[in-house]
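Some notes on the structure that comes next.
FYI, it's all coordinate maths here, none of it is from the lab. Please read these numbers as outputs of a predicted model, since none were measured by experiment. Reconstructed Cβ throughout: ideal geometry from the backbone, glycine too, with neighbour counts over all protein chains shown.
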Amino acid sequence: MSKSSRISGFHKMSPAEQRKAVEEFCGFQAGYLEKMDQDLSLDIQTASRMVENVIGLFEMPYGIATNFKINNKDYLVPMVTEESSVIAACGNAARLAREGGGFFSIVTEPVMIAQIQVVHIKNPHYALVRIYENKERLLALANEQDPMLCSLGGGAFDIEVRIVDAQPQKFLVIHLFVNVKDAMGANAVNTMAEAIALLIEEITGGEVLLRILSNLADRRLARSMVRVPKEALGGEEVVDKILLAYAFAASDPYRAATHNKGIMNGISAVVLATGNDTRAIEAGAHAYACRNGRYTSLTTWEKNIDGDLCGTIELPLALGLVGGATALHPKAKLSLSILNVSSARQLAEITAAVGLAQNLAAVRVLATEGVQKGHMRLHAKNIAVMAGASGPAIDVVAQKLIESGKIRVDKAKEILAEML
C-alpha cells in the first residue's frame, strides 16, 4: 500500500520530527536526512568545478511541500526558496486539491530546439528549399555527435526553416528538433548545431552565425489540471471571486506579471532543488506567456456545472535527471530520491502541478483575506531575528507580533526589550 503525503500537522513539527516523517515516507534509514547536512552538502572542490572563481558556498532554505497527489500518486516535494509562505501555501493548496482527486499532469516528448542563423544569403527562398532537400544528410550528421542519445531512442529527428525579414538583411533560421530523453538537453543540441554548421554553409552559400538552443521550448510542454470542490474553498462565492481575480491576470499584463511570478515561486523552487536551470525555465515560461502577441496568465481558472473550481496550467519545462548540476550537486540527487522519479517527464509532471498549486494558493488568498495577512504572519519570525531575537525568543516575539497586528522591526524591538 502506498504511503500518503497528507501528513497532518507537518508544519507544527520540529525540524527533527519533519525529517523523521520524510524518512518514513521515502523509506530512508532513520537519521539519513540528519546525515545529509554533513555528508551530502556541496563541498568547495565540487563547487569550483561547477562555476568559476569560487570563494565559498551560499546556503538556501530546503523545505518540503506535503499533501501532493499527482496522477494518483502521492509525493513529498522538495523546494528551495528564500521567500516566506511559498512552501506552506503550496502544501495547503495541494491539500485542497486532494478533495477533488489531486492533480493530473501530462507532458509532451522531451524535444529541444537548436537554432542556426544563416546570414549573407543571396537567394534565401532557394536556400530554404535546399535545406529541406538535404534534411536527411543534416539529421544524420547531427546524430553522429551523440550516439549514446540515439541508442536510447533520442536524437535529432526533424528540421524546420524560416526566412526572417530583419534589418539590414533577410536571413534563414533553421530549427533542429532533438529528442533529448532524460537530459535538459542544452549540451546535446548545441553540439549538434555546431556540427552541422559547415554543411549548412555548403548547402546555402551563406554564413552560419549563431547556433544555440532556444529556451522557448514550446515542443516540450507540461500541462496539469485540478478540480477543487467549492466546499473546500468556502463556497461558490469564493469560486466566483477567484474567477474575477484570474480574469484580471488574463487581461492585464501588469497583473499577469505578478500572477506568473507567483506560479514561478513554486516551479523555480522545485527546479532549484533538483539542480535544474531556473533561468532557462523562467525565460521559457515568460516567453510562452506572450506567445499570442500579449503577455497573459500561464494558468486558466473556470467554474464547472457543479460550481467547483477547475484550473489548468501549460508551459515549457525543459527539465533533466542527468547531466549538469543534477549530476554534481549532492542535494539535487537527494531531491530526486525524495521525489522517487524515474524520468524527466515525470519530474515535469510534478513541477507543473506545483506551479498550478502555487497559483491556486495565491488567487484564493488574494480574492479573500489578501496576501499580506498570511504572508506577514509567516514573515514574523524573520522580523524577530532582524530585531535581535535568538533561540526560543524568536517564536515568542513572532507570536506577540502576530497578536499585535504590527509585524515591524520597531515593534519587535519593543517586545524584545520588554522581555529582557
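Gap in Å between the Cα centre of the range 146-223 and the Cα centre of the range 8-80?
Here the answer is 36 Å between Cα centres.
List, in order, the whole-Hz ³J(HN,Hα) value for each residue of the range 254-264 obtained from phi through the Karplus relation with A = 6.51, B = -1.76, C = 1.60 and θ = phi - 60°; use x for Gly and Pro.
5, 6, 4, 4, 6, 4, 6, 4, x, 4, 6
Residue by residue, what Karplus-based ³J(HN,Hα) values in Hz, rounded to whole numbers, does the range 117-125 have, using 6.51, -1.76 and 1.60 with θ = phi - 60° and x for Gly and Pro?
Per residue, the Karplus-derived 3J(HN,Hα) values read 9, 10, 10, 6, 9, 6, 10, x, 5 Hz.
Below 22 Å, Cα to Cα, which lysines can LYS303 reach? Residues fewer than 8 away in the same chain don't count.
LYS303 reaches LYS69, LYS230, LYS241.
Which order do peptides 354-364, 237-247 fall in by mean Cβ count within 10 Å, highest first? Don't skip to the answer; put the middle values down first.
Values: 354-364: 28.1, 237-247: 17.3.
Going by the mean number of other Cβ atoms within 10 Å, highest first, we get 354-364, 237-247.
How big is the Rg/Rh ratio for the range 373-419, C-alpha atoms only, Rh by Kirkwood, two decimals?
Over the Cα atoms of the range 373-419, Rg/Rh equals 0.90.
Taking the structure as given and computing Rg and Dmax of the Cα atoms in Å, which label from (1) 21.0, 65; (2) 22.4, 66; (3) 24.4, 83 fits?
(3)
To the nearest 10 degrees, how steep is helix 15-26 against the longest Cα principal axis of the chain, on a 0 to 90 scale?
Relative to the chain, helix 15-26 is tipped by roughly 50 degrees.
Could you tell me how many degrees, from 0 to 90 and to the nearest 10, lie between the Cα long axis of helix 236-251 and the main elongation axis, the longest principal axis, of the Cα atoms of the chain?
40 degrees
If the only charges are +1 at each Lys and Arg Cβ and -1 at each Asp and Glu Cβ, what is the size of the charge dipole of the range 111-213 around the Cα centre, to the nearest 20 debye?
Details: 8 positive and 12 negative charges, 47 e Å.
For the range 111-213, the charge dipole is close to 220 debye.
Based on the alpha-carbon gyration tensor of the range 111-213 and its eigenvalue square roots a ≥ b ≥ c, which shape applies: rounded if a/c is under 1.5, prolate if not and a/b is larger than b/c, or oblate?
Values: a/c = 2.37, a/b = 1.88, b/c = 1.26.
Prolate.
Lysines near LYS400 by alpha-carbon distance under 22 Å, same-chain residues fewer than 8 away left out - which ones?
Cross-link targets: LYS12, LYS373, LYS381, LYS411, LYS413.
Listed highest first by mean packing, meaning other Cβ atoms within 10 Å per residue, what order do 257-270, 121-134 come in?
257-270, 121-134
Please find the FRET efficiency linking ASN72 to GLN169, where r is the Cβ-Cβ separation and R0 is fixed at 41 Å, and quote it to the nearest 0.05. Mind showing how you got there, number by number?
Values: r = 54 Å, r/R0 = 1.33.
Efficiency computed from Cβ-Cβ geometry: 0.15.
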